[in-house]
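**Student:** My questions will all concern the structure given below.
The values are calculated or read from the model by the stated rules, or taken from the named source; none is laboratory data. Please read these numbers as outputs of a predicted model, since none were measured by experiment. We place every Cβ from the backbone using ideal geometry, glycine too, and count neighbours over all the protein chains shown.
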Amino acid sequence: MPSLAACLLFFAVSQSALGENVAVWIGMGSPQNGETAGIYRAMLDQETGKLEPPQLAVEVAEPEFLAIRSDGKCLYAACRLPGGEAGIAAFEITADDKSLRHFNSQSLGGGAACHVALDPTSRCLFSAQYGDGTIATFPLAEAGSIEPRAALIKHTGAGPDKARQESPHPHSVNPAAKNNFLLVPDLGTDEIVIYRTDPETGSVEKHGHGNSPPGGGPRHMTFSPNGKFAYVANEMGLSVTVFKYDSQAGALESIQTIPTLPKELRIPASNCSEIRMHPSGRFLYVANRVHDSITVFSVDPEGGKLSFIEAIPAHGEHPRNFNLDPTGKWLLAAGRDSNSISVFKIDQDNGRLEYTGQTVNSPSPICILFQPQTY
């Protein structure tokens, strides 16, 4: 058993590492003002919250969503390939975390992906194609290159909203921590489709589903740190549905749906986008577009249910994405239509957000991803 001195030394080293700068990778949509299309990179000082202005790391068309290997060596982007075809591209992250080197791509063989994710062991990449109503799987080689597509699954069904739920629209792919199931919120069918997965081969088999409220339009989701609860942002319903999650059986049980904005704060056409859990598991954050705000919830540690704390301005237009740094001290909110990223300090006692006054220019940001700290 390690000595007390060794444990204290490890804790000190870990706390020191958490205070270092961390690289922030930024995916973007179509440039609005003639900027160079590509993946951008900034640095965040995790001690002070100072964010450097983003710099272009690599040119690539429409890198709308990003994923990164747990060892921090490879980054993947849902993008347009050189011929304009929708695909997934793999990039090597340079040793100094400053730039990206493209080394491999695979075509999706159809519509563009709106979301990508890696299984916990980084052996398989999953993608969701909103327009096509499909999900795809791509095994990954040991060095990180993307192998040919292993599966393409077409969703079926529709929802009550005839304008937006006329057909399936899978909106995100979410591997469970135990690496046995993949959960896919489908905005078009109000279902969270559950697949049994084999990351070694990339095979997927439909296993079951959970349900968001009719017309809710489930979009993105996150899990509690202990894996017992799942939280789904309902884009159209402007709400979060809380599920008990049975990681062995691969089953969801709905226990709460709570609005992200009280009635007195709502404005027409507002909708949810991103959802993130604080590393402590005590707070949950959701972005509201049109209202352009971030909602903060407290999380009941035993029952998993949410309580509304506040909704504050995102200090950016159309916050399609945001993320929390690895320390849980800072929240970065991407304003797609304001070409901006704003920095918020997170109160560790109550989860509330305080705008730091920092907003940096970033062209059409729609995905924020932190470099894993592999110390």
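**Student:** With the requirement that a residue be more than 20 Å from residue 92 (Cα to Cα) and buried (at least 21 other Cβ atoms within 10 Å of the Cβ), what does region 138-170 give you?
**Tutor:** 155, 159, 165, 168, 169, 170
**Student:** Would you confirm whether any residue within region 202-220 is closer than 22 Å to residue 329 by Cα, touching a residue at least 60 places away in the same chain (Cβ under 8 Å) and crowded, with 20+ Cβ neighbours inside 10 Å?
**Tutor:** No - not one qualifying residue is present in region 202-220.
**Student:** Taking strands (runs of 3 or more DSSP E) that fall entirely within region 1-109, which contain at least 2 residues that are within 30 Å of residue 356 (Cβ to Cβ), under 18 Å from the mean Cα position of the chain (by Cα) and at pLDDT 95 or above?
**Tutor:** 21-28, 38-45, 61-68, 74-80
**Student:** Take region 24-41 and flag every residue that is surrounded by fewer than 21 Cβ atoms within 10 Å (Cβ to Cβ) and in contact with an Asp or Glu (Cβ under 9 Å, 6 or more places away or on another chain).
**Tutor:** The answer is 29, 30, 32, 36, 37.
**Student:** Give me a count of the residues in region 47-61 that are free of Cβ contacts under 8 Å to residues at least 40 places away in the same chain and closer than 18 Å to residue 348 by Cα.
**Tutor:** Within region 47-61, residues that are free of Cβ contacts under 8 Å to residues at least 40 places away in the same chain and closer than 18 Å to residue 348 by Cα number 2.
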